[in-house]
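See structure below.
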Ligand SMILES: Cc1cc2nc3c(=O)[nH]c(=O)nc-3n(C[C@H](O)[C@H](O)[C@H](O)COP(=O)(O)O)c2cc1C
């Protein structure tokens, strides 16, 4: 493989239609690099400073009425082993198998009551936006963040004694990817299936 082809493979570029094709700016490079891999280097910790940067990135997300309805419980195996194990035990078996090598597991939750009182219809939307900001920051720091819905939310709510209106949405594994890992080709629907110009079904090409 020549140098250019190796770079394309590392960045995961040009893998299928609907994907970013060229890393011409820093954002494109981060988007191309972000992926949900399964092999973490369990010997490499995530630093407190890296966690702080990820928190700041999530905090910068936009939210409806600036309600900031997201909650993140960061559980570092090195410093909070009990909390880490609570999250690990709530994962479905498949996710436990690979996520146990990640040094950090983060519970992402949405506060379903708005600041004004009443249901916040956008709480999950906003919490997902904050989670993606966190993931992209993690990627920019050279880390891999992989979200999971395969967990028992009741277990998380009970073991962390979450308020009744706080809904666990996902668990995010964070750490350095094991260096020998091959990045899988990205699978995406053709863009015209999901992105329309001005009317339903009028796919952007
Ligand atoms: C809300 C959400 C839940 C997910 N749940 C799981 C999961 O339980 N287990 C898993 O291995 N991957 C899970 N994933 C990862 C997706 O499978 C992955 O994002 C998708 O295949 C696209 O791959 P990419 O992230 O590498 O682009 C989840 C992703 C999201 C956003």
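The values are calculated or read from the model by the stated rules, or taken from the named source; none is laboratory data. Keep in mind the model is a prediction, meaning the values are calculated, not measured. Positions of Cβ are generated from backbone atoms using ideal geometry, with glycine treated the same way; all protein chains shown enter the neighbour counts.
Listed here are the residues, each with its yes/no results for (1) assigned to a loop (DSSP other than H, G, I, E, B); (2) touching a residue at least 24 places away in the same chain (Cβ under 8 Å); (3) over 26 Å from residue 38 (Cα atoms); (4) not assigned by TED's automatic domain parsing to the domain that holds residue 121.
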position	(1), (2), (3), (4)
156	no, yes, no, no
162	yes, yes, yes, no
167	no, yes, no, no
170	no, yes, no, no
173	no, yes, no, no
186	yes, yes, no, yes
192	no, no, yes, yes
200	yes, no, yes, yes
(Q) Which residue is surrounded by the fewest Cβ atoms within 10 Å (Cβ to Cβ), if the candidates are limited to the range 72-95 and must be outside any helix (DSSP H, G or I) and away from the ligand (no atom under 16 Å from the Cβ)? (A) 78
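Per-residue answers, yes or no, for (1) within 13 Å of the ligand (Cβ to nearest atom); (2) modelled with pLDDT under 95:
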residue	(1), (2)
97	yes, no
118	no, yes
134	yes, no
158	no, no
165	no, no
183	yes, yes
193	no, no
196	no, no
(Q) Any residue that is crowded, with 18+ Cβ neighbours inside 10 Å and within 16 Å of the ligand (Cβ to nearest atom) - is there at least one of those in the range 63-70? (A) yes
(Q) Just to verify a result, which residue in the range 134-154, among those that are over 18 Å from residue 59 (Cα atoms) and part of a helix (DSSP H, G or I), is nearest to the chain's Cα centre (by Cα)? (A) 153
